[in-house]
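Everything on this sheet refers to the single structure shown next.
The values are calculated or read from the model by the stated rules, or taken from the named source; none is laboratory data. On a predicted model such as this, the values are computed, not experimentally measured, just so you know. Every residue, glycine among them, receives a Cβ derived from its backbone with ideal geometry; neighbour counts consider all protein chains shown. Protein only, heavy atoms only, side chains kept; ligands, DNA and RNA dropped before computing areas. Shrake-Rupley method; radii C 1.70, N 1.55, O 1.52, S 1.80 Å.
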Amino acid sequence: MFENYSFTASERFMRYVQIDTQSDPLSNTQPTSEKQKDLSKILVEELKAMGIADAHLDEFGYVYATIPSNTNKNVPVLCFCAHVDTAPDASGKNVKPILHKTYQGQDIALPDDTTQVLRKADFPYMEKLIGHDIITASGKTLLGSDDKAGVAEIMDATNYFITHPEIKHGDIKILFTPDEEVGKGTVKVDLKKLGADFGYTLDGGEAGSLEDETFSADSVQVIIHGVITHPGYAKDKMVNALKIAGDVLASLPRAELSPETTEARQGFIHPTRVDGIAEKATIDFIIRDFVTDGLKKKEDFLLSVVEMVMENYPKASFEFKVTEQYRNMKEVLDQHPQVVEYAKEAINRSGLQLKMESIRGGTDGSRLSFMGLPCPNLFAGEQAIHSKLEFISVQDMNKAVETIVHIAAIWEEKS
Ligand SMILES: [Zn+2]
């Protein structure tokens with residue numbers, strides 16, 4: 001299918017990463033930074049040049065477009081989604097992408113800051129990329145493969161569909177979102193306008209990986225009310241909320257249930273912020289587990305720890321507030337097993353080894369899944385994301401393009 005196709009993903013990618021699209025965690029506007037639209041406008045123009053008539057950018061920074069169906073069959077409408085913004089963790093300004101052709105397995109020092117060295121010892125995946133063409137940044141900025149790789153791959157897949165009408169598919173929706181990196185990627189998305197039944201985000205790592213699970217997440221706020229008096233006359237009266245907060249933190253388990261001591265499918269209880277004065281102290285926690293029931297167990301455990309500490313301070317009181325953050329998208333995806341099944345099949349047809357993964361975090365896909373668009377995450381090839389050492393293989397990007405095309409073809413076949 002792809003023998004004679006000249007892939008355009010890497011060429012597009014090299015252009016897109018040079019446009020600064022960093023999102024802004026401190027902004028209350030939507031998009032959080034206007035410059036994200038600089039790339040989105042170009043994407044709309046390029047889609048229109050391919051003949052995608054309805055491609056457009058809305059005021060909130062979302063790009064919507066449709067590749068029309070070319071089959072008589074009634075096929076569910078698919079959406080392929082990627083985010084245009086880059087993470088605030090490292091500069092995204094004046095990115096200079098460098099193409100390292102036919103990688104030989106050596107360490108790669110980045111020219112604009114030679115202390116930045118990509119070492120196989122640190123990134124074992126580089127071993128698998130020997131013989132590939134690798135793209136890096138120049139040492140002073142991130143690269144932006146997260147998620148301009150996904151953007152470029154969806155654009156190239158669109159080009160493939162347009163130039164290969166013999167590949168039959170239903171309506172395909174394209175969605176490019178802003179602000180994913182600051183947790184606002186789905187805030188203003190219009191799923192009704194999008195009109196898709198099932199989605200795939202392209203925002204993952206190594207070739208062949210597929211993520212259908214995220215954490216389920218709650219936050220807990222513990223507010224401790226002490227008893228305040230003049231410190232000079234406080235004997236047997238004062239109860240210092242800060243000291244109680246200290247006791248609570250000291251009573252948390254260390255060897256387990258912490259981010260720093262858990263991995264894979266283990267959850268945790270994680271204090272993220274302490275705030276207060278002697279009279280009143282607040283501890284913010286995040287609670288994570290892959291099983292939503294597991295959240296409840298961890299919250300009950302945390303409550304028991306707080307109650308145990310409070311027994312030593314009978315005059316003090318506390319509040320315990322649980323807020324739902326997001327849920328494991330597998331709960332939704334399991335109701336539509338073909339979404340993940342067809343992605344697995346597509347990865348196989350692309351000649352890749354399937355690698356199922358669970359995300360120890362949330363994604364736009366998990367939010368979209370619960371908003372009504374079941375949406376696992378496909379590999380895009382991103383490596384060492386959010387850092388100056390970010391890199392990506394051109395061949396991995398092309399495999400992502402193939403996987404997109406196969407997914408659409410499989411849905412048509414099986415409809
Ligand atoms: Zn991303």
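For region 163-238, a simple Cβ point-charge model (Lys and Arg +1, Asp and Glu -1, everything else neutral) yields a dipole of about 620 debye relative to the Cα centre.
Local charge for PRO76 was computed over the other residues whose Cβ lies under 12 Å away, with Lys and Arg +1 and Asp and Glu -1, and equals 0.
Going down the list LYS48/LYS173; LYS168/LYS330; LYS41/LYS168, which pairs span over 19 Å between their C-alpha atoms? From LYS48/LYS173; LYS168/LYS330; LYS41/LYS168, over 19 Å: LYS168/LYS330; LYS41/LYS168.
Each peptide in 280-286, 245-251 gets a packing score, the mean of other Cβ atoms within 10 Å over its residues, and the list from highest to lowest is 280-286, 245-251.
Residue ranges 139-152, 199-212 sort as 139-152, 199-212 when ordered by packing (mean number of other C-beta atoms within 10 Å per residue, highest first). Does anyone have the angle between helix 337-349 and the longest principal axis of the chain? Alpha-carbon axes, 0 to 90°, nearest 10? In the chain, helix 337-349 runs at an angle near 50 degrees to the longest axis.
Residue-wise HN-Hα couplings along region 192-205, as the Karplus relation 6.51 cos²θ - 1.76 cosθ + 1.60 with θ = phi - 60° gives them from phi, are 5, 4, 4, x, 9, 8, 9, x, 9, 8, 10, 7, x, x Hz; Gly and Pro carry x. Report, to the nearest 10°, how far helix 292-310 tilts away from the longest principal axis of the Cα atoms in the chain, using its own Cα long axis and a range of 0 to 90°. Value to nearest ten degrees: 20.
With a 1.4 Å probe and all protein chains kept in place, how do PHE2, PHE370, PHE123 rank by accessible area, largest first? Let's see the in-between values first.
Numbers: PHE2 20, PHE370 95, PHE123 45 Å².
Descending accessible area places them as PHE370, PHE123, PHE2.
Using Cα pairs closer than 8 Å and at least 6 residues apart in sequence, work out the relative contact order for region 197-319, in percent. Answer for region 197-319 is 33 percent. Taking amide hydrogens as placed 1.01 Å from N in the peptide plane, the amide H of HIS169 sits under 5 Å from those of ASN70, THR71, each at least 5 positions away in sequence or on another chain.
Using the Karplus relation 6.51 cos²θ - 1.76 cosθ + 1.60 with θ = phi - 60°, the per-residue 3J(HN,Hα) values for region 95-108 come to 5, 10, x, 10, 9, 9, 6, 6, 4, 9, x, 7, 6, 10 Hz, with x marking Gly and Pro.
Residues considered: SER317, SER258, SER393. Largest GNM mean-square fluctuation over the chain, using C-alpha springs under 10 Å, is found at SER317. Can you tell which of THR114, THR158, HIS83 lies farthest toward the positive end of the dipole of region 63-195, using +1 and -1 charges on the Cβ of basic and acidic side chains (Lys, Arg; Asp, Glu)? Of the options given, the answer is THR158. Amide H to amide H distances under 5 Å link THR86 with THR21, GLN22, SER23, where only residues 5 or more positions off or on other chains count and H is placed in the peptide plane.
Per-residue counts of other Cβ atoms within 10 Å, averaged by peptide: what ranking do you get for 260-270, 33-43, highest first? Intermediate results must be reported in sequence, preceding the final value.
Numbers: 260-270: 14.4, 33-43: 19.2.
Those peptides, ordered most packed to least, come out 33-43, 260-270.
Just for the chain, what percent of DSSP beta bridges are antiparallel, to the closest 5? Display every interim value, and only then the final one.
Values: 47 of 66 bridges.
Just about 70 percent of them are antiparallel.
Between helix 145-163 and the chain there is an angle of about 30 degrees, using the helix long axis and the longest principal axis of the Cα atoms.
Using a Förster distance of 22 angstrom, determine the FRET efficiency expected from the C-beta separation of LEU252 and LYS321, and round it to 0.05. The value I calculate is 0.80. Phi angles of region 128-141 translate, via the Karplus equation with coefficients 6.51, -1.76, 1.60 and θ = phi - 60°, into HN-Hα couplings of 6, 9, 4, x, 7, 8, 10, 10, 10, 8, 9, x, 9, 9 Hz per residue; Gly and Pro are given as x.
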